Ligand SMILES: [Fe+2]
């Protein structure tokens, strides 16, 4: 016979193993199976089963078994009276043999268990109750030695069953948390989709007001996105700059339609009215909680210039947010490459000349390089996507002429970048 001290050490070992299994295992079925194995092994029990009380509250489902006849049915029906009786019993060993007298509400359930176990013979039925919630039950056969369970052994069984119950309960809570997190993720994604769709609708509304620049905001959004991606921005930031591009002219909604649609060069007064639109855009966008940073600022500063001659605040180079510099180039490129009421669009060769002349004065060098690189990649087929070329339309880009011009401008601006970086060290 095992000595009491050895038995105690053995039991503590099993409890420690059980605790570790419950904490470590992410697979609840595996955790329950191993826990049953440890419980049976710790006290030399012939076999047993663990039943889980399912979420609908009407059944106990077999989740692990050892030694019990294979014919054990699942799930076992549990009525309200039996559920309440198990909750009241808490952690106690119920003997199916004696239940006919002291637990009448459980008779039917335990009779079903007894029949299910067949010739195996269940000696103990221990409900698993955690925080007033019925988690399940553990069925145990007799000891391999044929001896009866002592009071101490019953205490050990309760302790281990409690551990198993807490493990199942914790896994359930984690599952619920994961489900909620997943629901929240989906909800957040839906909200972002709604936000993007709303922004696109706004962009369309802005462009409808200006009958000569249909699709301008949409194109500025796309050009900005392409530049930011070429500059190596993170995908989240790329999405943000696209939104800023779509909304950059939202302030035009408060400018008179006649000024926006004037089929001639507008006078100074009309021009100052039109020039209110970046600040008005900022006012419109600021109260909105955008899922991306600095959208209102990018709208406010998309007409600023590096040399300080822009508006509304006459900022200079370092004072202008990089996002606004990107939107500014995208905006100017679209203005130069689309027909306006008082002038037809410029040739791409001419636009490249403009870029060379205005880089460092109006446009940021790094931004121009990124845009030229993205365009060059599309023209020479290095990039699979042809988004810029699609926006420019057929027969506009003459590859043989443009490729050398772009390559030359990129290397020229690269040199300027390198020498200005060196002089700032
Ligand atoms: Fe604008």
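The values are calculated or read from the model by the stated rules, or taken from the named source; none is laboratory data. Being a predicted model, the structure only gives us computed values, none of them experimental. Every residue, glycine among them, receives a Cβ derived from its backbone with ideal geometry; neighbour counts consider all protein chains shown.
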Inset, instruction - Considering every residue within the range 359-366, establish whether at least one is at negative phi, in contact with a strand residue (DSSP E or B) (Cβ under 8 Å, 6 or more places away or on another chain) and more than 16 Å from the ligand (Cβ to nearest atom). - result: yes
Legend entry - Identity of the residue in the range 277-300, buried (at least 16 other Cβ atoms within 10 Å of the Cβ) and part of a loop (DSSP other than H, G, I, E, B), that ends up nearest to the ligand (Cβ to nearest atom): 294
Inset, instruction - Test residue 252 against the criterion of being assigned to a helix (DSSP H, G or I) and at pLDDT below 95, and give yes or no. - result: yes
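For every residue, the table says whether it meets (1) in a helix (DSSP H, G or I); (2) without any contact (Cβ under 8 Å) to a residue 12 or more places away in the chain.
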{"position": "318", "(1), (2)": "yes, yes"}
{"position": "325", "(1), (2)": "yes, no"}
{"position": "330", "(1), (2)": "yes, no"}
{"position": "333", "(1), (2)": "yes, no"}
{"position": "336", "(1), (2)": "yes, no"}
{"position": "346", "(1), (2)": "no, yes"}
{"position": "349", "(1), (2)": "yes, no"}
{"position": "353", "(1), (2)": "yes, yes"}
{"position": "356", "(1), (2)": "yes, no"}
Inset, instruction - State which residue is nearest to residue 223 (Cα to Cα) when the search covers only the range 312-345 and only residues that are over 38 Å from the mean Cα position of the chain (by Cα), away from the ligand (no atom under 15 Å from the Cβ) and surrounded by fewer than 16 Cβ atoms within 10 Å (Cβ to Cβ). - result: 339
Inset, instruction - Return the pairs, sorted by first residue and then second, in which the second residue is away from the ligand (no atom under 13 Å from the Cβ) and assigned to a loop (DSSP other than H, G, I, E, B), the first residue lies in the range 249-265 and is within 27 Å of residue 297 (Cα to Cα) and in contact (Cβ under 8 Å) with a residue 24 or more places away in the chain, the beta carbons are less than 7 Å apart, and the residues are 6+ apart or on different chains. - result: 261/211; 261/212
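This table checks each residue for (1) closer than 22 Å to residue 34 by Cα; (2) under 27 Å from the mean Cα position of the chain (by Cα).
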residue: 120; (1), (2): yes, no
residue: 124; (1), (2): yes, no
residue: 142; (1), (2): yes, no
residue: 154; (1), (2): yes, no
residue: 166; (1), (2): yes, no
residue: 220; (1), (2): no, no
residue: 223; (1), (2): no, yes
Inset, instruction - Looking only at the range 230-237, decide whether some residue is in a helix (DSSP H, G or I), assigned by TED's automatic domain parsing to the domain that holds residue 286 and within 16 Å of the ligand (Cβ to nearest atom). - result: no
Inset, instruction - Taking the options 11, 34, name whichever one is in a helix (DSSP H, G or I), over 13 Å from residue 167 (Cα atoms) and either at pLDDT 75 or above or in contact with a helix residue (DSSP H, G or I) (Cβ under 6 Å, 6 or more places away or on another chain) (or both). - result: 11
Legend entry - Yes/no for residue 121 being surrounded by fewer than 19 Cβ atoms within 10 Å (Cβ to Cβ) and out of contact with any helix residue (DSSP H, G or I) (no Cβ under 9 Å at 6 or more places or on another chain): no
Inset, instruction - Being away from the ligand (no atom under 14 Å from the Cβ), outside any helix (DSSP H, G or I) and at pLDDT below 95 narrows it down to one of 265, 309, so name that one. - result: 265
Inset, instruction - Kindly indicate whether residue 187 is surrounded by fewer than 13 Cβ atoms within 10 Å (Cβ to Cβ), within 30 Å of residue 140 (Cα to Cα) and not assigned by TED's automatic domain parsing to the domain that holds residue 244. - result: no
Inset, instruction - With the condition kept exactly as written, say whether any residue in the range 133-146 is loosely packed, with under 12 Cβ neighbours inside 10 Å and either touching a helix residue (DSSP H, G or I) at 6+ places or on another chain (Cβ under 6 Å) or outside any loop (DSSP other than H, G, I, E, B) (or both). - result: no
